[in-house]
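In what follows, a single structure is set out as structure tokens and then discussed.
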Amino acid sequence: MYGSAQNAHVIRLLMFAIAQNASVNGRRVILYGARSSLFNGSQDCSVGMQIMSSRFAYHFALALVAVLAAGCSSLLPKSKSETEAPWKSFEAAKLAFDSIEPGRTTLQELKLLGYDPYVNTNVTVLNYSDVLNKYAPNAIREEYLEPGILECLQTQNKCSAYSLDHRYLRRDRTGRFFPDFINYRRITELSGWRFAAVIVVVGDRVVHKSWNGLPAIKEVEDNTNPLGPLQDIGPTLLPLTFFLP
């Protein structure tokens, strides 16, 4: 809820318009009623349509005033972007990752933990060349490599990896209704999380794992257009300048 001077001024103008419309329409209804006793046919239809039109405008203005007076941000758009996965939180995804033990966890157990590319569309299968480019892009000495990565490079074709990238992002417009509605100022809050992991497998056994991510994503986008709804018209009118003398 809000009560800024700008919105209060708009509400006063609308209330004045409603009052004027009600008084004028009252006189018109009486006048049209008098005329309807003298004329028949199409003139009666036009009288009825004019009365209905005035009533619609009256009720529409009342509804608009109620919206502006409330100023509810619940009327603003909201969106959610989420990739399908068996985990609904960062903690759940991290817990599943922590249960993976290199040297002990089998490929079947890994798939049961959610790293099955045929079930989880966020999982990508990497071959030996992909693992080599990721962990050893240049010729480096073997002692600098993780034991699992070294085993993968030595077995080559028996090595593969499962790469996971899961994210959840929500966008909420939280600014005031009227400035947002006319595209004058729009404030959007972004929240969510992201989890990514790579599991290296040799044969039927996990040999290496690594992860990265963001437990909490919190961002605010504040966009202001001084011209409001006219801000985006400029680019569309630019081609017309070529026809000016």
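The number of residues in segment 174-228 that are assigned to a strand (DSSP E or B), farther than 30 Å from Tyr115 by Cβ and among the basic types (Lys, Arg) comes to 2.
The residues on offer are Ile149, Ile182, and the sole one that is touching a Pro at 6+ places or on another chain (Cβ under 6 Å) and touching a residue at least 24 places away in the same chain (Cβ under 8 Å) is Ile182. Any residue that is within 19 Å of the chain's Cα centre (by Cα), over 20 Å from Leu214 (Cα atoms) and hydrophobic (A, V, I, L, M, F, W, C) - is there at least one of those in segment 183-192? Yes, because at least one residue in segment 183-192 is within 19 Å of the chain's Cα centre (by Cα), over 20 Å from Leu214 (Cα atoms) and hydrophobic (A, V, I, L, M, F, W, C).
Table: residues versus (1) touching a residue at least 12 places away in the same chain (Cβ under 8 Å); (2) in contact with a Ser or Thr (Cβ under 8 Å, 6 or more places away or on another chain); (3) under 25 Å from Leu214 (Cα atoms); (4) outside the structural domain of Glu219 (by TED's automatic domain parsing).
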{"residue": "Asp116", "(1), (2), (3), (4)": "no, no, yes, no"}
{"residue": "Leu132", "(1), (2), (3), (4)": "yes, no, no, no"}
{"residue": "Tyr144", "(1), (2), (3), (4)": "no, no, no, no"}
{"residue": "Gln156", "(1), (2), (3), (4)": "yes, no, no, no"}
{"residue": "Ser163", "(1), (2), (3), (4)": "yes, yes, yes, no"}
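Taking first residues from segment 198-222 that are touching a residue at least 24 places away in the same chain (Cβ under 8 Å) and closer than 14 Å to His166 by Cα and partners that are among the polar types (S, T, N, Q) and in a strand (DSSP E or B), the Cβ contacts under 8 Å between residues at least 6 apart in sequence or on separate chains come to Val198/Ser163; Val198/Ser210; Ala216/Ser191; Ile217/Ser191.
Of the candidates Val65, Val123, the single residue that is at pLDDT below 90 and crowded, with 18+ Cβ neighbours inside 10 Å is Val65.
The values are calculated or read from the model by the stated rules, or taken from the named source; none is laboratory data. Since this is a predicted model, take the numbers as computed values, not measurements. Glycine gets a Cβ as well: all are built from the backbone with ideal geometry, and neighbour counts include every protein chain shown.
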